[in-house]
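In what follows, a single structure is set out as structure tokens and then discussed.
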Amino acid sequence: MKKIFFILSIVGLAIAPAQKIAAQKTLTVEEAIANALKNNYDIQLLKNDSSSFALDNSYAKAAFLPRLNTTTGILFNNNNQKQKLSDGSVKQQSGIRSDNITASVALNWTVFDGLKMFAAKDKLAEFVKLGELNIKNQVVNTIAAIITNYYNIVRQKQQLKAIEEQMGLNEERLKQADKKLSVGLGAKPDVLLSKTDLNAQKAAMLQQQTLIEQLKEQLNLLMAAPINTTYEVADSIPINNDLIITDILSAAEAGNPALQVAKQNITIAGFTLAERKAERFPVVSINSAYNFGKTDNRTVLNTFTPLYNRNLGFNYGISAAIPIFNNYNTKRQIQQAQLDIDYNKIQYQKIKAANDIAISNAFKTYELQKKTLLLEEENILLAKENVTIAMERFRLGISTTVELRETQKTLEDSYNRLIAARYNTKVAETELLRLKGDLVK
């Protein structure tokens, strides 16, 4: 009996953690999160989008500056010309050549456009904030995915330990069945059944090891780590038992990144409306130009045509483009912009309602799993003790293989429920913190 209790104590996951594999580095959940925040592909893509917004915003003040353009050109002419004058004379000559050079510098400065340029500048600044919020939202979701995946590996690792414990029990059961058969106190079917159960556990162990490797590859993808990167994970799943739903609900509106993104879209839509309303006003511009032109005629047919002509000068003025009627296009765009604001407000309320319901459901699951975990931690001790007693009774010939097998099945089921309760509590806890926006500061 002491031997069976020793086996249960060594490999049991409710009491003692498994030994770490010395050949592999143990990856903590904090390290996994750090690697993901540094390398995750989705986060990098959103950082690129945010950089694009920031780049546009860095040039936002250029909207208040004038536009200055220069043009220049040179034209060579070689013409055949024929003129018939009113006195009946005709003049005709070929090979009339001339050179024309033109250059100009023009300035256009919009000094008033219904404050559209101010709305556009502020809108670009809000897009920068939106980019930052999108990154935060992706970071929160990525951290949640990392935690869930990481502790799923821990869960499956604990499940593997439970299978190994069942194998130890089946090996002891097979040993006792063989011993009874050899002295004429047992039956061959007991040996065969014990061997079959042991082989089934070995097959389950192989399947479990494969599942753990597959889950590690999923975690590698989230961390953008090379394929087949090997490491060990923790042995236990820590649980935060102090979450309060009122605190989560009150903090979620200001902390949840998805809600912040939805609110930011309302702000941006407001600046779009301001841009559309600005199109009702005239656009006032200051215009100025410096022009240069030179014509050099090598030969002229008409004696009144100059051989050389040069023109240069400076001009300036003010212009106003006054919108009067444009097929109600401006009115339509203003209405569309207002509808966009209304749409984003409804979208915000929808996301907030869905978030509140998700928090409520996650908290109910969290409370349920905590209570279930307490029960299963008690059950596992009872099931262990029951197996220890049943194994000793089987060794003494008081109970049958079928009875021992039933107690083993009870222990197996208890482990499955315990491990699931631990993991599900952690998942509910992670989901609550994700919805609250508390996974990242």
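Would you check if there is a residue in the range 419-434 being under 27 Å from the mean Cα position of the chain (by Cα), among the acidic types (D, E) and closer than 30 Å to Y150 by Cα?
First pass over the range 419-434, keeping only residues under 27 Å from the mean Cα position of the chain (by Cα): 422-434.
After this cut, where a residue has to be among the acidic types (D, E) as well, the list is 429, 431.
Filter again for closer than 30 Å to Y150 by Cα, leaving 429, 431.
The answer is yes; a qualifying residue exists.
Pick from N69, N78: which is modelled with pLDDT of 80 or more, loosely packed, with under 11 Cβ neighbours inside 10 Å and touching a Lys or Arg at 6+ places or on another chain (Cβ under 6 Å)? Outline the logic, then answer.
Values: N69 fails: touching a Lys or Arg at 6+ places or on another chain (Cβ under 6 Å).
Sole residue among the options that is modelled with pLDDT of 80 or more, loosely packed, with under 11 Cβ neighbours inside 10 Å and touching a Lys or Arg at 6+ places or on another chain (Cβ under 6 Å): N78.
Report, by residue number, each residue of the range 390-401 that is touching a residue at least 12 places away in the same chain (Cβ under 8 Å) and either part of a helix (DSSP H, G or I) or farther than 21 Å from E171 by Cβ (or both).
A390, M391, E392, F394, R395, T401
Is it fair to say K61 is over 24 Å from I146 (Cα atoms), assigned to a helix (DSSP H, G or I) and either among the hydrophobic types (A, V, I, L, M, F, W, C) or modelled with pLDDT of 80 or more (or both)?
Values: over 24 Å from I146 (Cα atoms): yes; assigned to a helix (DSSP H, G or I): yes; either among the hydrophobic types (A, V, I, L, M, F, W, C) or modelled with pLDDT of 80 or more (or both): yes.
Yes.
What's the total number of residues in the range 31-43 that are under 14 Å from Y231 (Cα atoms) and either free of Cβ contacts under 8 Å to residues at least 40 places away in the same chain or touching a strand residue (DSSP E or B) at 6+ places or on another chain (Cβ under 8 Å) (or both)?
Count: 1.
Can you tell me how many residues in the range 204-255 are in a loop (DSSP other than H, G, I, E, B) and charged (D, E, K, R)? It would help to see each step written out before you state the result.
From the range 204-255, those in a loop (DSSP other than H, G, I, E, B) are 224-231, 233-244; that's our starting set.
Among the residues that remain, those that are also charged (D, E, K, R) are: 235, 242.
Counting residues in the range 204-255 that are in a loop (DSSP other than H, G, I, E, B) and charged (D, E, K, R) gives 2.
L185 - would you say it is in contact (Cβ under 8 Å) with a residue 24 or more places away in the chain and of a type outside the set (G, A, S)? Walk me through it before giving the result.
Values: in contact (Cβ under 8 Å) with a residue 24 or more places away in the chain: yes; of a type outside the set (G, A, S): yes.
Yes; evaluated as a whole, the condition is true for this residue.
Answer with yes or no whether E412 is closer than 30 Å to L198 by Cα, surrounded by fewer than 16 Cβ atoms within 10 Å (Cβ to Cβ) and in contact with a helix residue (DSSP H, G or I) (Cβ under 7 Å, 6 or more places away or on another chain).
Values: closer than 30 Å to L198 by Cα: yes; surrounded by fewer than 16 Cβ atoms within 10 Å (Cβ to Cβ): no; in contact with a helix residue (DSSP H, G or I) (Cβ under 7 Å, 6 or more places away or on another chain): yes.
The answer is no for E412.
Might you check whether a residue that is touching a Leu at 6+ places or on another chain (Cβ under 7 Å), within 22 Å of K136 (Cβ to Cβ) and small (G, A, S) occurs anywhere in the range 222-242?
no
Might you let me know whether the range 311-324 holds any residue that is part of a helix (DSSP H, G or I) and within 55 Å of the chain's Cα centre (by Cα)?
In the first step, residues of the range 311-324 are kept if they are part of a helix (DSSP H, G or I); the result is none.
Looking for residues that are part of a helix (DSSP H, G or I) and within 55 Å of the chain's Cα centre (by Cα), one finds none in the range 311-324, hence no.
List the residue pairs whose Cβ atoms are under 6 Å apart, where the first residue sits in the range 268-297 and is farther than 30 Å from Y308 by Cβ, the second is among the aromatic types (F, W, Y) and surrounded by fewer than 18 Cβ atoms within 10 Å (Cβ to Cβ), and the two are 6 or more positions apart or on different chains.
Short answer, once both residue conditions are applied: V284/F112; I286/W109.
Determine, yes or no, whether S285 is exposed (fewer than 15 other Cβ atoms within 10 Å of the Cβ), at pLDDT 90 or above and not in a helix (DSSP H, G or I).
Working: exposed (fewer than 15 other Cβ atoms within 10 Å of the Cβ): no; at pLDDT 90 or above: yes; not in a helix (DSSP H, G or I): yes.
Taking the combined requirement at face value, the residue does not satisfy it.
Answer with yes or no whether N79 is part of a strand (DSSP E or B), more than 30 Å from A274 (Cβ to Cβ) and polar (S, T, N, Q).
On the way: part of a strand (DSSP E or B): yes; more than 30 Å from A274 (Cβ to Cβ): yes; polar (S, T, N, Q): yes.
The answer is yes for N79.
Scan the range 172-197 for residues that are part of a helix (DSSP H, G or I) and surrounded by fewer than 17 Cβ atoms within 10 Å (Cβ to Cβ) and report the count.
As a first pass, look at the range 172-197 and keep what is part of a helix (DSSP H, G or I): 172-182, 188-197.
Restricting the remaining residues to those that are surrounded by fewer than 17 Cβ atoms within 10 Å (Cβ to Cβ) gives 175, 178-179, 181-182, 188-189, 192, 195-196.
Residues flagged as part of a helix (DSSP H, G or I) and surrounded by fewer than 17 Cβ atoms within 10 Å (Cβ to Cβ) within the range 172-197 amount to 10.
Looking only at the range 425-441, count every residue that is at pLDDT 90 or above and either of a type in the set (F, W, Y) or out of contact with any Phe, Trp or Tyr (no Cβ under 9 Å at 6 or more places or on another chain) (or both) and tell me the total.
Qualifying residue count, the range 425-441: 4.
Applying the selection to the range 102-133, what residues are surrounded by 15 or more Cβ atoms within 10 Å (Cβ to Cβ) and in a strand (DSSP E or B)?
Result: T102, A103, S104, V105, A106, L107, W109, T110.
The values are calculated or read from the model by the stated rules, or taken from the named source; none is laboratory data. None of these values were measured; they are calculated from a predicted model. Here Cβ is always computed from backbone atoms with ideal geometry, including for glycine, and neighbour counts include all displayed protein chains.
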